[in-house]
Amino acid sequence: MRSIGKDIQFALRAFRKSPVFTAVALLSLALGIGANTAIFTLLDQVLLRLMPVKNPQELVLLHMEGFHYGSNWGEHSLSYPMYRDFSSHNSVFSGMFCRRADQFSLGFNGTTERVNGELVSGTYFPVLGVGAALGRTFTPDDDRTPGGHPVAMLSYAYWQSRFAADRSLIGKTVAVNGHNFNVVGVAEKGFDGVELGSASQIFVPMMMRPQLMPLFNEQLDFNNRRTRWVNVFGRLKPGVSRRQAQTSLQPYFHAVLEMEVKEAAFHKASAEVRARFLTNVIQALPGAQGKSRFRELLATPLWVLMALTGGVLLIACANVASLLVARAASRQKEIAIRLAIGAGRFRIIRQLLVESLLLSVTGGVLGLVLALWTDGALLAFLPPETVALKLSTSPDMRILLFATAVSLLTGILFGLVPALQSTKPDVAPTLKDTVGGIVGGGTHVRVRKALVAAQVMLSLLLLIGAGLFIRSLRNLRDMGPGFTTGNLVAFDLDPSLTGYNPNRCKLFYRQLTAELSGIPGVRSVGAASVRILENNEWDNWLTIEGYHPTGTETPDAFMNSISPGYFSTLGVPVLAGRDFTDRDAQMQQHGDKPDDTEPLVAIVNEKFAKRFFGSVRNAMGRHVGHGIDPGTKTDMEIIGVVKDIKYTTLRDEVPVQMFEPYLASDFVSGMTVYARTAMNPDQFFSVVRSKVRGLDANLPLYGMRSMDDQISNSLLTERLIASLSAVFGFLATLLAIIGLYGVMAYTVARRTREIGIRMALGAFQADVIWMVMREVLVLVCAGLAAGLACAFVLAKLVQTQLYGVTGHDPATAALAALGLAVVACAAGYIPALRASRIDAMRALRYE
């Protein structure tokens, strides 16, 4: 250890003598290690971490794969009766639970707000192994009788932020969707539910669903097998694998399906539908990370960014290795003397590795500081809704271990080859002639040139990737959603969460739209049950008059329930027919059924009309009906066709769409209100709050933003990749240019006497410049050729993240190659120009 300590002291003295070398090396390493640590910090929290529960690797999520006959309320969902079946008929799980994420209105001390919550079975906390920080957790006894267990638990984070960590809250009452619930506990710190990106703030027993969601009692009935609406998790028994569990569950699952097709709900289903339903299989998916749509959304972008930062780190390593090779060449005589007086080769290699490791560790510390700042900037880059991800910029032990491992590996990676090369000089010639120590360094030069070519190759890959991502983002922005977004704002509210029935909801929305329409500067107002461009989805099977599906086709469409004025507010033109009016299936103010004399009506988009009727005009007056069973009524008349617009996201294709008047719906609850206004959005939302308070002071508003902001948020992943790939491409190019400049400057220094002799014999400045630039062009062309070949091979890996451009786009590759070649040649031209100005007489006396 004393010997290693002396090596460290010697390395520090050597670094002090070479401040420029030390600064450039540390900056290169800090950028490479910092970028990798920053992205890994996010990747680890989003993609790699397991849930903070007991033995999370034992958890599985059950999923039914195949054709479902009925309605589906969420990804990876099963019916509640199916959950009960598996809970009582399995030999592979030590425990099971079910849950459903939802949003509730929570009132306390006169203040009401919208919160994320979960309906959970009584086995939820026991199976997860999650305890209580205060009070107690739920037990199976808290979830036996429908409507009989008005108890609630809060998450630790919500208890702290909303209730200031008030320990006396246990036993007090909070209002959830207008019903009183007794707070019995606070979940242990760090546990926010099983869904990343939707941190639960309150937990309520599953059996309280009828009180909290009364509008959907028929669909979400605890005995309804045709609606899938709960996520089902199981904890594997010791020694049971996921595959074994899946194999064990399948026979019983198939028996349940055979029982279901004999029930009354299937009596209208065709033989083909029954046969397809019986082919379903049950899958046991990994459940250690819970479930999360955010994770799926960010998975590919984060891995792409990790690959990009890996490229930056490799370039940084090549840059520092190149500097070390040059430094080793200048230390040839020192190393030769040490070898000559008896130093072992391993001893010198250890000394050189200590120097490289000291550089990498110091660069790693600087990179960690840079990563903290970068992660803070990245979180600020994300929209406010992603606060639910609970991402942290503070390094924990996993991040510190990652940074340490990267630093050590980097030090060995860029330090080993120079150390091996520099410890095998020809000792005698090196000691006899100082010039030989310089001129004879051909191996070092070849290594440095190879490293520069590799840097150019990696830089080109990153620049091509950045160009593709930027073009993809521009294509999405230029394409737009199909309507004008300027001066269009939106907000959400849900009167049903405070006890409104459907008729009262409809009356409220009519009053609200009338109030908003009267605000000066508001041009039009409309509402919709599904907020578009937020990855929401509501689709339905349809029977279409005159259309006969072929094979296993099941005609369907994306649905939306809208108010009159919705299309005019968005600026979507009606291509044929007319828009909805208040007369279409209008509800009587105090009644509960639409006027039977008014026909049921619908509006479809252009794509719907062309797919099922061949043209826009042919769709007018045709009829459709919900469902695909033989004999389904087609009692809805198409009264209009509108222009195609986007539905889920900008990236998705325009879907087949059908619109219904919300006044005809039996399930009116939360809606998004759109307004086209000349007012500033903040000013408009202030007026909206006062208008809503005038109608009902207990209704919380949420999701208030302009459509331009919403579109920007919908392009989160595209903006993240495009922005960071551009930054990393710039860093990579800068490091590569520094490396190229260093190599050529060193080459010119080695050939000073040669250049002097050439000029003394009559060589012109242009000849000298071309001699140097020829080497530059060889290095650049070699790197570009290798980079283009690699880009062609790797194009498929990023194709899924592109829109309107292919991974083999020649224009992007050519532009990146040309730009890199220009700046690389500019970097090489500086040493070339300096070489052409060498004084021949001084050069001949060099060394």
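The values are calculated or read from the model by the stated rules, or taken from the named source; none is laboratory data. The structure displayed is predicted, hence computed values, not measured ones. Reconstructed Cβ throughout: ideal geometry from the backbone, glycine too, with neighbour counts over all protein chains shown. Areas reflect the complete protein model, heavy atoms only, side chains present, ligands, DNA and RNA absent. Shrake-Rupley method; radii C 1.70, N 1.55, O 1.52, S 1.80 Å.
Odds and ends about this structure:
- Residue that is farther than 28 Å from residue 299 by Cβ and buried (at least 21 other Cβ atoms within 10 Å of the Cβ), where the choices are 661, 630, 700: 661
- Residue within segment 240-259 that is within 30 Å of residue 41 (Cα to Cα), of a type outside the set (S, T, N, Q) and surrounded by 14 or more Cβ atoms within 10 Å (Cβ to Cβ) present: yes
Results for (1) open to solvent by 20 Å² or more (accessible area, probe 1.4 Å); (2) in contact with a Cys (Cβ under 9 Å, 6 or more places away or on another chain); (3) of a type in the set (Gly, Ala, Ser), shown as yes or no for each residue.
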{"residue": "52", "(1), (2), (3)": "yes, no, no"}
{"residue": "55", "(1), (2), (3)": "yes, no, no"}
{"residue": "67", "(1), (2), (3)": "yes, no, no"}
{"residue": "74", "(1), (2), (3)": "yes, no, yes"}
{"residue": "93", "(1), (2), (3)": "no, no, no"}
{"residue": "97", "(1), (2), (3)": "no, no, no"}
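- Top-ranked residue in segment 446-463 [being at pLDDT below 80 and open to solvent by 10 Å² or more (accessible area, probe 1.4 Å); ranked as farthest from residue 751 (Cα to Cα)]: 447
- Checked against (1) in a helix (DSSP H, G or I); (2) closer than 21 Å to residue 114 by Cβ; (3) open to solvent by 10 Å² or more (accessible area, probe 1.4 Å), residue 273 meets all criteria but (2).
- The condition (being touching a strand residue (DSSP E or B) at 6+ places or on another chain (Cβ under 8 Å), of a type outside the set (A, V, I, L, M, F, W, C) and within 23 Å of residue 298 (Cα to Cα)) is satisfied by just one residue among 66, 74: 74.
- Failed condition for residue 131, given (1) surrounded by fewer than 17 Cβ atoms within 10 Å (Cβ to Cβ); (2) under 18 Å from residue 208 (Cβ atoms); (3) touching a Ser or Thr at 6+ places or on another chain (Cβ under 8 Å): (2)
- Within segment 143-202, the set of residues being part of a loop (DSSP other than H, G, I, E, B), touching a helix residue (DSSP H, G or I) at 6+ places or on another chain (Cβ under 7 Å) and more than 23 Å from residue 97 (Cα to Cα) comprises 165, 177, 178.
- Residue ID - most open to solvent (accessible area, probe 1.4 Å), chosen from residues in segment 540-589 that are in contact with a Ser or Thr (Cβ under 7 Å, 6 or more places away or on another chain) and in a helix (DSSP H, G or I): 568
- Residue 494 fulfils the conditions (1) in contact (Cβ under 8 Å) with a residue 12 or more places away in the chain; (2) charged (D, E, K, R); (3) within 21 Å of residue 644 (Cα to Cα) except for a single criterion, (3).
- Considering 745, 785, 827, the condition of being buried (at least 20 other Cβ atoms within 10 Å of the Cβ) and not in a loop (DSSP other than H, G, I, E, B) is satisfied by 827 alone.
- Condition met for residue 671 (open to solvent by less than 20 Å² (accessible area, probe 1.4 Å) and in contact (Cβ under 8 Å) with a residue 24 or more places away in the chain): yes
- Residue 85 being over 29 Å from the mean Cα position of the chain (by Cα), buried (at least 16 other Cβ atoms within 10 Å of the Cβ) and among the acidic types (Asp, Glu): yes
- Test: residue in segment 55-78 that is over 30 Å from residue 538 (Cα atoms) and not in a helix (DSSP H, G or I): yes
- Counting the residues of segment 337-352 that are touching a residue at least 24 places away in the same chain (Cβ under 8 Å) and either surrounded by fewer than 21 Cβ atoms within 10 Å (Cβ to Cβ) or of a type in the set (Lys, Arg) (or both) gives 7.
- The single residue among 692, 642 that is at pLDDT 95 or above and surrounded by 18 or more Cβ atoms within 10 Å (Cβ to Cβ) turns out to be 642.
- Per the listing 173, 137, the residue uniquely among the hydroxyl-bearing types (Ser, Thr, Tyr), open to solvent by 60 Å² or more (accessible area, probe 1.4 Å) and free of Cβ contacts under 8 Å to residues at least 60 places away in the same chain is 173.
- In summary, strands (runs of 3 or more DSSP E) completely within segment 625-718 and bearing 1 or more residues that are β-branched (Val, Ile, Thr) occur at 636-642, 671-677.
- Segment 597-620 residues that are without any contact (Cβ under 8 Å) to a residue 60 or more places away in the chain and over 22 Å from residue 568 (Cβ atoms), paired with ones that are open to solvent by less than 40 Å² (accessible area, probe 1.4 Å) and aliphatic (A, V, I, L, M) (beta carbon under 6 Å, 6 or more apart): 611/656
- Test: residue in segment 118-137 that is closer than 30 Å to residue 266 by Cα, of a type in the set (Ser, Thr, Tyr), modelled with pLDDT of 95 or more and in a loop (DSSP other than H, G, I, E, B): yes
- Among (1) under 30 Å from residue 34 (Cβ atoms); (2) of a type in the set (Gly, Ala, Ser); (3) not in a helix (DSSP H, G or I) - the single one residue 311 does not satisfy: (3)
- Top-ranked residue in segment 607-627 [being hydrophobic (A, V, I, L, M, F, W, C) and within 30 Å of residue 266 (Cβ to Cβ); ranked as surrounded by the most Cβ atoms within 10 Å (Cβ to Cβ)]: 608
- Evaluation of residue 127 against (1) under 21 Å from residue 61 (Cα atoms); (2) of a type in the set (Val, Ile, Thr); (3) touching a helix residue (DSSP H, G or I) at 6+ places or on another chain (Cβ under 9 Å) (one fails), failing number: (3)
- Residue 609 being farther than 24 Å from residue 72 by Cα, of a type in the set (A, V, I, L, M) and modelled with pLDDT under 90: no
- Of all residues in segment 523-539, exactly one satisfies the criterion of being open to solvent by 50 Å² or more (accessible area, probe 1.4 Å), over 25 Å from residue 613 (Cβ atoms) and part of a strand (DSSP E or B), namely 523.
- Unmet criterion (only one of (1) open to solvent by 30 Å² or more (accessible area, probe 1.4 Å); (2) touching a residue at least 60 places away in the same chain (Cβ under 8 Å); (3) not small (Gly, Ala, Ser)) for residue 473: (1)
- Among the residues making up segment 312-334, a single one is modelled with pLDDT of 85 or more and surrounded by fewer than 24 Cβ atoms within 10 Å (Cβ to Cβ): 314.
- Index of the failed condition, residue 113 passing every other in (1) under 22 Å from the mean Cα position of the chain (by Cα); (2) open to solvent by 50 Å² or more (accessible area, probe 1.4 Å); (3) of a type in the set (D, E, K, R): (1)
- Of all residues in segment 695-715 being hydroxyl-bearing (Ser, Thr, Tyr) and over 16 Å from the mean Cα position of the chain (by Cα), the one that is nearest to residue 671 (Cα to Cα): 702
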